[in-house]
Amino acid sequence: MVVALHERGLFSWAEWAERLSTEVKRPEAATDGSDYYERWLAALERLLAEKGLAGHEEVDAVAAAWERAAHATPHGQPIVLENDPGRSSGL
Amino acid sequence: MAARVRALETILTRKGLIDPAAIDVIVDTYETKVGPRNGARVVAKAWSDREYADWLKRDATAAIASLGYTGRQGEHMQAVFNTDETHNLVVCTLCSCYPWSVLGLPPVWYKAPPYRSRAVIDPRGVLEEFGLSLPKDKNIRVWDSTAELRYLVVPQRPSGSDGWSEDKLADLVTRDSMIGTGLAREAA
């Protein structure tokens, strides 16, 4: 996703590396690097929010919809956003 | 975490900023098509072709691109050559900048804080943990990658490989030997 967004010209690779570096340097980051992908995600969310491409509240709301859809989907079936029982909230 | 990743993908797709099919292509490229064999071909060519080696030393970005390997992020490449006197080791102390176009995706340890910090503080100790004991009088030079500049180590050509084809030479070049945490395989 990061590579695709960069290729759309939405940010420079230096901007991305700077955000990622900030996230992995945080004192609460795991010392063994086991949370590397969480740090990566945090860096991407921050960059997208700064660029006005996806705000935190918007991400929270859609993530919650995905969680509800996952709970509402019978085991073994693909999870799709349409399965979210709270869909009427306009998402 | 999976829900947040899906949420980002959903939002960005709705806004037309990403195409999920294009992302599948990118993932497939790095998982199955681009890997350390690219770098091995660069090294094997440098071992067998002096002019190419000189070009690689002068302008690694162009010399590597001539074999069809170009960085997606427009980063520059620098090739650092191991010699009898100096061994080169590559790290990214800030995050995990890595020469994807020639080495594929980085190994887990490359992204881990212990390697990122200790490669600079105690490179000799780190190399020993990789099973590589260098003579005391050999210098170790550590190169810190950035978003704009990535390094490729050109290991020393193993003795006994005279006259070998580039394909055969490339088989001696391991991923770790191009990061500097190993040497090329011995010529058997």
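The values are calculated or read from the model by the stated rules, or taken from the named source; none is laboratory data. Just so it is clear, the structure is predicted and the values come from calculations on it, not from any experiment. Cβ coordinates were reconstructed from backbone atoms using ideal geometry, including for glycine residues, and neighbour counts include every protein chain displayed. Side chains are part of the model used for accessible areas, which takes the heavy atoms of the whole protein and leaves out ligands, DNA and RNA. Shrake-Rupley method; radii C 1.70, N 1.55, O 1.52, S 1.80 Å.
Brief remarks follow.
- Here the range A:52-91 is the region considered, the condition is being touching a residue at least 24 places away in the same chain (Cβ under 8 Å) and either open to solvent by less than 30 Å² (accessible area, probe 1.4 Å) or within 14 Å of the chain's Cα centre (by Cα) (or both), and the residue that is nearest to the other protein chains (Cβ to nearest Cβ) is A:VAL62.
- Residue pairs meeting the criteria (Cβ under 7 Å; at least 6 apart or on separate chains; first assigned by TED's automatic domain parsing to the domain that holds B:ASP171 and open to solvent by less than 10 Å² (accessible area, probe 1.4 Å), in the range B:38-50; second modelled with pLDDT under 95 and not in a helix (DSSP H, G or I)): B:VAL42/B:LEU67
- Of the helices (runs of 4 or more DSSP H) lying entirely inside chain A, those containing at least 3 residues that are among the small types (Gly, Ala, Ser) are A:13-24, A:36-50, A:56-72.
- Residues within the range B:148-169 that are more than 14 Å from the chain's Cα centre (by Cα) and either open to solvent by 30 Å² or more (accessible area, probe 1.4 Å) or within 21 Å of B:LYS57 (Cα to Cα) (or both), tallied: 14
- B:ARG118 being assigned by TED's automatic domain parsing to the domain that holds B:LEU169, open to solvent by 20 Å² or more (accessible area, probe 1.4 Å) and assigned to a helix (DSSP H, G or I): yes
- Cross-chain or 6+ apart pairs with Cβ under 9 Å, the range B:164-187 first and closer than 14 Å to B:ALA46 by Cα, then part of a helix (DSSP H, G or I) and of a type in the set (Ser, Thr, Tyr): B:TRP164/B:SER48; B:SER165/B:SER48; B:GLU166/B:SER48; B:LEU169/B:SER48; B:ALA184/B:SER177
- Test: residue in the range B:122-136 that is open to solvent by less than 10 Å² (accessible area, probe 1.4 Å) and touching a strand residue (DSSP E or B) at 6+ places or on another chain (Cβ under 6 Å): no
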